[in-house]
Amino acid sequence: MTDAATVEAAIADAHRREWARVLAATVRVSRDLDLAEECVQDAYASALRTWPGAGVPDNPAAWLTVTARRRAIDAIRHDAALRARLPLLVEPAGETDQAALGEPAADPAQEQAAASLSAVLPDERLRLIFICCHPALAQEAQVALTLRLVCGVAVPDIARAFLVSEPTMAARITRAKKKISVARIPYRLPRAAELDDRLAAALAVIHLLFTAGHTAPSGASLVRRDLVDQALHLTRMLRELMPGSADVRGLQALLLVTDARRATRTDADGRLLRLSEQDRSKWDAGALAAAHEEIVGCLRAGPPGRYVLQAAIASLYAEAPSYDHTDWAQIVALYDRLLEVWPSPVVALNRTVPLAMVAGPQAALAEVERLNADGRLSGYQYLHAIRADLLSRLGRAAEAADAYRQALALAANEAERAFLVGQLGGLPAF
């Protein structure tokens, strides 16, 4: 017998680390995304019932994969209507467990095509991301659906990433799945020539996956290392797959330079440290050097895209000998270029941080107030946190306190909440 706490911990770890792999392996049998998701969920539920008596297996991922695939095979065999009722993930026949399904083997041409595709997309999770990023869906739906099903990111966390409410995001994901079902969109493994058409959405998925790990939208810890490591791995795979893509190289550089500070973002007690408080000698010099090389190469190759510009901004922050000696004017200029290629209100908000160092907090506050009045960032905690900091620097303590309370009401990460409470408590009496 294995105690319940040990089993629950093992299942939680397997869910964090292995969900995408188990789902991808099950999709290869089911050829149906909804069915695969149901079978994987059943496999995890079965583990919760079985492992207390049988013990946690040496390879939990393998156990879960075998269980989920068996359930998928049983479902296909006993309910032929599933093929008509649910969307099909049509893969080359060589990619499916033909023997297990009792189907004839693929012809040599199909097997050769399948082998070629496997060589192009050797990672199961990366392949499934490209499958889900189908151009028939709006890109936002592609990204949200993939984050939920392939990456296992919770709906509330996806909603925060898209700056919408949880019910709104849940409805969007449901509509996307319904469109697949009703329109019978054929989710096929893309051919090598089709990868470029799905690249933008795939990059957005990986970037948001990293972001959800770098600063977890909820929970006790500031960082979710499993999501960060997964995003870094997927980016490395893409870098090998598409070595000439400036967007892929830019994303890899952005992730490297951002993650280089991982060890210094909190103190020994888990307290969030501002960039100005972090020990720069402990940053990953190798990662920073690799990122710098990629950024320079991309900038020399042609007009930079959003990921290259974001990486260049992050690199400028990292290269400064100290926070006070950061090239703030150059960072503002890079943000101006970034707004041209990616006119996002979040980018405009982030620009106000260096703007305050160049033009003063009053000028930055005017930009923040404009964004606040716009309404699109009203549910974004960082707008209120930045506004509070600027108001505090201007000596407007009462208004700053109100803004910090607004940020606190929206924050769900405990490390960030503790930081905001500290900032609020540190305001002068008013």
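The values are calculated or read from the model by the stated rules, or taken from the named source; none is laboratory data. None of the values given here were measured: they were computed from a predicted structure. Heads up, the Cβs are rebuilt from the backbone with ideal geometry, glycines too, and the neighbour counts pull from every protein chain shown. The protein model used for the area step is the full one, side chains on, heavy atoms only, and it has no ligands, DNA or RNA in it. Shrake-Rupley method; radii C 1.70, N 1.55, O 1.52, S 1.80 Å.
All but one of (1) open to solvent by less than 30 Å² (accessible area, probe 1.4 Å); (2) modelled with pLDDT of 80 or more hold for ALA93; state the number of the condition that does not hold.
Going through (1) open to solvent by less than 30 Å² (accessible area, probe 1.4 Å); (2) modelled with pLDDT of 80 or more one by one, ALA93 breaks only (2).
Any residue at all in the range 17-33 that's without any contact (Cβ under 8 Å) to a residue 40 or more places away in the chain and open to solvent by 40 Å² or more (accessible area, probe 1.4 Å)? Please lay out each step first, then the result.
Keep residues of the range 17-33 that are without any contact (Cβ under 8 Å) to a residue 40 or more places away in the chain, which gives none.
The answer is no; no qualifying residue exists.
Select from the range 294-330 the residues that are among the charged types (D, E, K, R) and surrounded by 13 or more Cβ atoms within 10 Å (Cβ to Cβ) and write down the one among them that is farthest from the chain's Cα centre (by Cα).
Of all residues in the range 294-330, those among the charged types (D, E, K, R) come to 294, 300, 306, 319, 324, 327.
Within this subset, residues satisfying the condition of being surrounded by 13 or more Cβ atoms within 10 Å (Cβ to Cβ) are 294, 306, 319, 327.
Working: GLU294: 21, ARG306: 16, GLU319: 25, ASP327: 29 Å.
The residue in question is ASP327.
For the range 239-275, enumerate the residues that are polar (S, T, N, Q) and either open to solvent by 70 Å² or more (accessible area, probe 1.4 Å) or in a loop (DSSP other than H, G, I, E, B) (or both). Don't jump to the end; show me each part of the working.
Initially, the range 239-275 is screened for residues polar (S, T, N, Q), giving 245, 252, 258, 264, 266.
The answer is SER245, and nothing else.
Picking from LEU208, LEU195, LEU189, LEU199, which residue would you name as being open to solvent by less than 20 Å² (accessible area, probe 1.4 Å), at pLDDT 90 or above and on the phi < 0 side of the Ramachandran plot? It would help to see each step written out before you state the result.
Numbers: LEU208 fails: open to solvent by less than 20 Å² (accessible area, probe 1.4 Å); LEU195 fails: at pLDDT 90 or above; LEU189 fails: at pLDDT 90 or above.
Just a single option satisfies the conditions, and that option is LEU199.
One line per residue, one yes/no per condition, for (1) charged (D, E, K, R); (2) part of a loop (DSSP other than H, G, I, E, B); (3) surrounded by 14 or more Cβ atoms within 10 Å (Cβ to Cβ); (4) modelled with pLDDT under 85:
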site: PRO122; (1), (2), (3), (4): no, yes, no, yes
site: ARG127; (1), (2), (3), (4): yes, no, yes, yes
site: LEU137; (1), (2), (3), (4): no, yes, yes, no
site: GLU140; (1), (2), (3), (4): yes, no, yes, no
site: ALA144; (1), (2), (3), (4): no, no, yes, no
site: PRO156; (1), (2), (3), (4): no, no, yes, no
site: ALA161; (1), (2), (3), (4): no, no, yes, no
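Consider the range 331-343. How many of its residues are over 18 Å from VAL257 (Cβ atoms) and open to solvent by less than 20 Å² (accessible area, probe 1.4 Å)?
1
Limited to the range 319-336, what total is found for residues that are assigned to a helix (DSSP H, G or I) and either at pLDDT below 95 or closer than 10 Å to ARG306 by Cβ (or both)?
Adding up the residues that qualify gives 1.
Being at pLDDT 90 or above, within 18 Å of ALA24 (Cβ to Cβ) and surrounded by fewer than 21 Cβ atoms within 10 Å (Cβ to Cβ) is the requirement here; does ASP229 meet it?
Values: at pLDDT 90 or above: yes; within 18 Å of ALA24 (Cβ to Cβ): yes; surrounded by fewer than 21 Cβ atoms within 10 Å (Cβ to Cβ): yes.
Criteria met by ASP229.
Would you say LEU227 is hydrophobic (A, V, I, L, M, F, W, C) and either farther than 23 Å from ALA285 by Cα or without any contact (Cβ under 8 Å) to a residue 40 or more places away in the chain (or both)? First the steps, then the outcome.
On the way: hydrophobic (A, V, I, L, M, F, W, C): yes; either farther than 23 Å from ALA285 by Cα or without any contact (Cβ under 8 Å) to a residue 40 or more places away in the chain (or both): no.
So LEU227 does not fit the description; no.
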